[in-house]
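Scroll down for the structure; my scribbles are underneath it.
The values are calculated or read from the model by the stated rules, or taken from the named source; none is laboratory data. Just so we're clear, the structure is a prediction, and the values are computed from it rather than from any experiment. Methodologically, a virtual Cβ is constructed for each residue, glycine included, from the backbone with ideal geometry; neighbour enumeration extends over all protein chains shown. Side chains included, ligands, DNA and RNA excluded: accessible areas come from the protein's heavy atoms. Shrake-Rupley method; radii C 1.70, N 1.55, O 1.52, S 1.80 Å.
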Amino acid sequence: MASDSRTAAPARGEGGAAPRADKTVTEDRIRERRSRRYRLDMKWSPYAFVAPFFVFFVAFGLFPLLYTGWASLHQVELTAPDDMNWVGLRNFSRLLEDEFFWNALRNTVTIGLISTVPQLLMALGIAHLLNYRLRGSMFFRVAVLTPYATSVAAATLVFVLLFGRDYGMINWALGLAGIDPVDWQSGAWTSQIAVSTIVIWRWTGYNALIYLAAMQAIPNDLYESAALDGASRWQQFRHVTVPALRPTILFTAVVSTIGATQLFGEPLLYNGGAGATGGADHQFQTLGLYLYEQGWVNLHLGRASAIAWTMFLILLLIGAVNWLVTRRLRKSEGGTA
């Protein structure tokens, strides 16, 4: 009986060990499978997260850019976009001979200058005021950003009423000062000033907050040292604040120039129901309006594509100038240090 019990015990041990061994193998397989999933997740998840950006960029950025570049080398109408006739650089050479293109380019430059220079100067002054401790400073910061959040259409329609020839508030104020009413839409300079005013109103607060953020990053030690040397607040602003803001000022100048080059909504809506002509004499027609007129009014898709690529090359030139100026500023700062 004892021998039977001794021989039976190993049998139970072997029979009890088999399930534990199977369970251990199963757990090892699960761990291996999980570790494989973890490695795949760590390897491919970043690509999956950034993939939507590249999908949308290819669909709405790269493909339109390449397609317009290809269309600019063809004679093609918007009514038959598949019927393309190769013309090479003819669409670009025609722009050099087109007086309306040069008129739109001049208007874009002048409106850009009239809107960008006062805008950035006013933004710098507003940021300087907001940089000091003011009661209700958060309210003022939100208030200066409100125009940026306003719809372009709504803002432009309000300014059309303000600059109205017969019942506009601007002419009413000029009349109180003894000045005759001004036809703001018919004149070349007056219409460009009116359009620039809309741009200034919308973007001054946005640039002011950018300057404010840069000002708050300037060490207080510099202001304290300047004050100990007897510098007034104006001298501190000129010799401490402005030099420290040079990279930021350059950035806002470039961004504002790019925005002025692409100006479209304000002059289109300011012209009322007259379309994309930019006034009766094209006096405030910008490059964006001229592109729209050629492509969607005259239906010349090839010419519109050439205008779009010309604007793109202008923006590349602006970017190259920005890079050169930034590089020179860094070298000068390094040499000064």
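Worth a mention:
- Answer residue from the range 138-168, given it is among the β-branched types (Val, Ile, Thr) and part of a helix (DSSP H, G or I) and is least open to solvent (accessible area, probe 1.4 Å) among those: Thr156
- Listing of helices (runs of 4 or more DSSP H) fully contained in the range 231-294 that carry 2 or more residues being within 22 Å of Arg165 (Cβ to Cβ): 265-270
- Number of residues in the range 169-189 that are open to solvent by less than 70 Å² (accessible area, probe 1.4 Å), over 16 Å from Leu269 (Cα atoms) and within 32 Å of the chain's Cα centre (by Cα): the value is 3.
- Just one of the listed residues (Thr261, Thr286) is open to solvent by less than 60 Å² (accessible area, probe 1.4 Å), more than 28 Å from Gly168 (Cα to Cα) and of a type in the set (S, T, N, Q), namely Thr261.
One line per residue, one yes/no per condition, for (1) of a type in the set (D, E, K, R); (2) under 30 Å from Ile200 (Cα atoms):
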{"site": "Ser45", "(1), (2)": "no, no"}
{"site": "Phe60", "(1), (2)": "no, yes"}
{"site": "Pro64", "(1), (2)": "no, no"}
{"site": "Val87", "(1), (2)": "no, no"}
{"site": "Arg94", "(1), (2)": "yes, no"}
{"site": "Val117", "(1), (2)": "no, yes"}
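- Within the range 218-246, residues that are open to solvent by less than 70 Å² (accessible area, probe 1.4 Å) sit with their Cβ atoms under 7 Å from residues that are of a type in the set (Phe, Trp, Tyr), at 6+ positions apart or across chains, in these pairs: Gln236/Tyr223; Val240/Tyr223; Leu245/Tyr211.
- Top-ranked residue of the range 78-92 - restricted to ones that are exposed (fewer than 14 other Cβ atoms within 10 Å of the Cβ) and within 25 Å of Phe264 (Cβ to Cβ), ranked as nearest to the chain's Cα centre (by Cα): Pro81
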